Every structure is written in structure tokens, then in C-alpha cells.
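Read through the structure below, which is laid out as C-alpha cells, and then see the notes.
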């Protein structure tokens with residue numbers, strides 16, 4: 001949970017925000033990139049809140065606290081779908097650039113021979129084509145049926161130590177917007193697999209809208 005404060009005309013966020021595989025964001029990693037005045041002028045939700053009432057910045061901060069915590073609660077209800085979408089994007093990038101994850105000992109599955117000539121066949125035998133529900137704007141709120149990408153990755157891409165990879169994710173920033181939450185994260189392998197991965201999550205249906213993995 002988080003709490004939003006007002007300091008020198010700016011909103012400051014403290015606490016934690018659990019975004020599943022996307023990271024657990026804490027204190028200075030959390031933010032609202034608008035001043036109190038900008039939010040009053042630019043956010044539709046704040047306009048609706050203040051058009052009939054002259055609210056103080058502190059009262060708006062209370063509203064933003066509730067909004068951030070409600071968003072986290074809703075995200076947790078759909079966290080598997082959001083995790084799957086995140087993994088789909090990450091693995092699509094890996095697959096597209098031929099990233100040799102097995103170069104990192106931690107990402108190897110114990111007992112598997114990565115020097116086996118057939119390994120390359122096993123590795124490329126799993127790709128990201130044909131999985132429905134993972135395009136830009138596809139909802140993650142359970143309103144449409146989607147393939148379980150994480151389950152497929154664990155079964156077909158079993159030579160990739162997914163659990164070790166998830167533990168390697170480094171959260172960097174999480175920012176609350178009027179109708180979206182953005183996140184940015186990397187990995188501990190010197191950005192080998194994730195290099196400032198960024199997206200904006202629509203708060204209405206939790207779809208990914210602007211994926212980048214620089």
C-alpha cells in the first residue's frame with residue numbers, strides 16, 4: 001500500500017506497490033509526474049472531483065492515495081494475465097534478437113546439457129507466434145479469453161530457468177497517471193535480457209499500450 005503526500009507543491013508517494021513479475025516498487029521508485037497545479041488542469045478524474053467542490057491539495061492527495069491503492073488491488077486480481085503479457089513481451093524480444101540466455105549460469109536448468117547439438121533445435125522450437133490476446137491494447141481484465149503464455153513457456157521453453165529470471169528483475173520506477181500506470185524495470189545481468197523495459201498499463205482493462213525494451 002502507498003500514501004500520497006504534498007511537499008512544496010508536488011505529490012510524493014511513499015510505501016510499496018506490488019506489480020507481480022514487473023516488480024515490487026518502493027518509496028522513491030514510486031511517483032506522480034505532475035505538480036498539484038498540473039493535475040488540477042490536466043487530469044479528467046480530478047476535474048470531475050473538483051468541479052463542484054474546491055478541494056485542497058491535501059484532499060486531492062487523499063484521493064490519489066485511494067486511487068493508487070485501488071489500482072494495486074485490482075491489478076492483483078488479474079496478476080496472472082498481466083504477468084503473462086509481460087513475459088510474452090520479454091520472451092518475444094529475446095526470441096527476436098536470438099538472445100543466448102544460457103550464457104548465464106543462473107538461467108540454466110540443472111541437469112540439462114546445453115552443449116548438446118540438439119539444444120538449438122529445442123530452443124528455437126518454442127516461439128511467440130500464434131498466441132492470441134497479446135497485441136497492443138488487448139485487455140488483461142479477464143474480459144477476453146487468452147492463451148496462458150506462462151504455462152506454455154514453462155512447458156515448451158523448459159530449458160530456460162524462468163523462476164531464476166523472474167528473481168533477476170530489478171524494478172526502477174512506477175508512475176501513476178490519470179488513467180494509466182507506467183512501469184520501468186531491468187535485470188541484474190547488465191541489462192542482457194531486460195534493458196529499461198517500459199510500458200503503460202491502462203487502468204480500465206490493464207492492457208499493455210506502449211511496450212519498449214531499449
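Read the figures in this text as sums done on the coordinates, not as results from a lab. Every value quoted in this text rests on a predicted model; they were computed, and no experiment measured them. Virtual Cβ from ideal backbone geometry, glycine too; neighbours counted across all protein chains shown.
Helix 79-97 and the longest principal axis of the Cα set of the chain meet at an angle near 50°.
Taking label points 7 Å from Cα along the Cα-to-Cβ direction, residue 52 and residue 136 give a separation of 3.8 nm. Each helix, a run of at least 4 DSSP H residues, gives -39500 (n - 2.57); summed and divided by the residues of the chain, these come to -10500 deg cm²/dmol at 222 nm.
With the highest mean first, a sort of the peptides 148-156, 9-17 on other beta-carbon atoms found within 10 angstrom per residue produces 9-17, 148-156. Our summary of shape: the Cα atoms of the chain have principal axis extents of 70, 34, 25 Å, ordered from largest down, in whole angstrom.
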